[in-house]
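Novice: Structure incoming, see below.
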Amino acid sequence: MGPEQGTVAPMRIVYVVGTRPNFVKTAPVIGALRARLPEGRHALVHTGQHYDRMMSEVFLEELGVPAPDHMLEVGSGSHAEQTARVMERLEPVLAEELPDLVVVPGDVNSTMAAAVTAAKMGIPVAHVESGLRSFDRTMPEELNRVVTDHLSDLLFIHSPEADDNLHAEGIPAERIHFVGNTMIDTLVALEGRFRAAGAAARLGLAPGSYVLVTLHRPALVDGSLLPKTIARLAALAREMPVVFPVHPRTRAMMESVEADHPGLLLSEPLGYLDFLSLLADAGAVLTDSGGIQEETTYLGIPCFTLRANTERPITTTAGTNTLLGLDPATISTIPQALAQRPPGRPEPPPLWDGHASERIADIVARSHG
Ligand code: UD1
């Protein structure tokens, strides 16, 4: 027997995550929607794009995310292989779960694959972190962003330029919702714990004294730029300590080019609390990550982005981010830039306030019924 006339069946939602930053962006959304729709079904699918313990389980544990309901175990592969495996393995899960909505975060291969699968099954898609554009279609993430946005019914954005980007691509305004930044929700929720974690002290480093480095993008680590970058980091390490937790992709490339790295404090990937602890106490950050440009903006830590472009221009206009370009030689400018930096710290961008996920939950709840 179906639901009585006039009543609406509890909402069924599937959340699809696959990589480290996906967990961070989605955890507070699941929490807010569980609280908002306690009668609903909230099923978590982990595609397995990231599978090492330090890239995956540690994050889910620290973020308080319950064990996934479905593990797709797609692992690594070419873009087509990884995308195809997610699609093949997600389709029967969605057929079983029969969700009213599939929620996908960010811009990784798992995001795009899940959006295509759901949209083809006629299931509405919600995209968290919609509307970002680097305008660089050589980046796999840019293709994933464009496809996901065009297939989504609810587009949750966290900066004004995302609105402009989506309008320019003809996406109807009624689908776009400016809610704020769910990655910052997680940071705000964890602030007491990461401030107490003392990761820098464990390495014998004083707060504000060191540069924290993360690098993993193919444009930087898959070719000849990696050994040049490592050489520049080694030179920087003669001026200030350089701490570098190494992503598995970068580790593999460093081994293959046998890049020498004197003076660098290299480590395995860190858990999120330890990483945020190091980030919050850093004198500066050098990165090619998207999320770290935002986290440093919120925390007021100087960030230098070793990329030709950013899909997050608000971090350079309203935040603390400097776009260096895709040129390892620019690393040598960091000490001087730090010395000339004006005092004070900018206000975080609008709605980066720890409550984005609650706004998403309200909009999702309203969309049902
Ligand atoms: C992916 C995302 C990128 C995101 C990053 C966050 C795409 C296209 N890229 O890049 O946008 O910023 O995640 O970290 O989706 N590997 C392991 N263990 C793991 C995961 C990966 O050893 O747990 C190694 C494998 O050798 C793999 C390589 O890292 O081939 C790359 O992993 P992959 O998921 O394909 O892309 P990322 O570089 O992590």
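FYI, it's all coordinate maths here, none of it is from the lab. Given the structure is predicted, the values throughout are model-derived calculations rather than measurements. Positions of Cβ are generated from backbone atoms using ideal geometry, with glycine treated the same way; all protein chains shown enter the neighbour counts.
Novice: Order 241-252, 312-323 from most to least packed using the mean count of other Cβ atoms within 10 Å.
Specialist: Order by mean packing, descending: 312-323, 241-252.
Novice: Given 10 °C and 1.306 mPa s, compute D for segment 215-287 with the Stokes-Einstein relation, Rh being the Kirkwood radius over Cα pairs; round to the nearest whole µm²/s.
Specialist: For these conditions, the coefficient is 124 µm²/s.
Novice: Kindly rank 181-190, 208-217, 13-22 from highest to lowest mean number of other beta carbons found within 10 Å of each residue.
Specialist: So the order, starting with the most tightly packed, is 13-22, 181-190, 208-217.
Novice: On a 0 to 90° scale, report how tilted helix 356-367 is relative to the longest principal axis of the chain, with both axes built from alpha carbons and the result rounded to the nearest 10.
Specialist: The helix 356-367 is inclined about 20 degrees to the chain.
Novice: Over 10 Å intervals from 0, what percent of Cα-Cα pairs in segment 257-342 sits in each interval?
Specialist: Percent of Cα pairs in each bin: 16, 47, 33, 4.
Novice: Quick check: Cα centre of segment 215-241 to Cα centre of segment 36-86, how many Å?
Specialist: Taking the Cα centre of each part, segment 215-241 and segment 36-86 sit 30 Å apart.
Novice: Let me have the 222 nm mean residue ellipticity of the chain computed from DSSP H runs of 4+ only, each contributing -39500 (n - 2.57), with the sum over all residues rounded to the nearest 500.
Specialist: Value at 222 nm, helices only, nearest 500: -12500 deg cm²/dmol.
Novice: Put one equal scatterer on each alpha carbon of segment 1-83, apply the Debye formula with no solvent term, and list log10 I(q)/I(0) at q = 0.25 1/Å to two decimals.
Specialist: -1.21
Novice: Compute the distribution of all C-alpha to C-alpha distances in segment 89-226, in bins of 5 Å from 0, and list the percent of pairs in each, rounded to whole numbers.
Specialist: Reading the bins upward from 0: 2, 9, 15, 15, 15, 13, 13, 10, 5, 3, 1.
Novice: Taking the Cα centre of segment 1-94 as origin, work out the dipole magnitude from +1 charges on Lys and Arg Cβ and -1 charges on Asp and Glu Cβ, in debye rounded to 20.
Specialist: 240 debye
Novice: Then there is this: Would you work out if segment 52-146 is rounded, prolate or oblate? Take a ≥ b ≥ c from the square roots of the eigenvalues of the alpha-carbon gyration tensor; rounded if a/c is under 1.5, else prolate when a/b is larger than b/c, oblate otherwise.
Specialist: Since a/c stays below 1.5, the shape of segment 52-146 is classed as rounded.
Novice: Give, as a single signed number, the net charge of other residues whose beta carbon lies under 12 Å from the beta carbon of residue 249, with Lys and Arg counted +1 and Asp and Glu -1.
Specialist: Around residue 249, the charge tally is -1.
Novice: Ratio to report: Rg/Rh of the chain, with Cα atoms as the point set and Rh obtained by the Kirkwood method; give two decimals.
Specialist: Ratio value, two decimals: 0.97.
Novice: With a/c under 1.5 counting as rounded, go ahead and sort segment 163-229 into rounded, prolate or oblate using the C-alpha gyration tensor (a ≥ b ≥ c being the square roots of the eigenvalues; past the cut-off, prolate if a/b is larger than b/c, else oblate).
Specialist: Verdict is oblate for segment 163-229.
Novice: Compute the orientation-averaged projected area for segment 225-369 from the convex hull of its Cα atoms and round it to one decimal in nm².
Specialist: Orientation-averaged projected area of the Cα hull: 10.5 nm².
Novice: Next up: How many angstrom lie between the C-alpha centres of segment 100-164 and segment 304-369?
Specialist: What the calculation gives is 20 Å, centre to centre.
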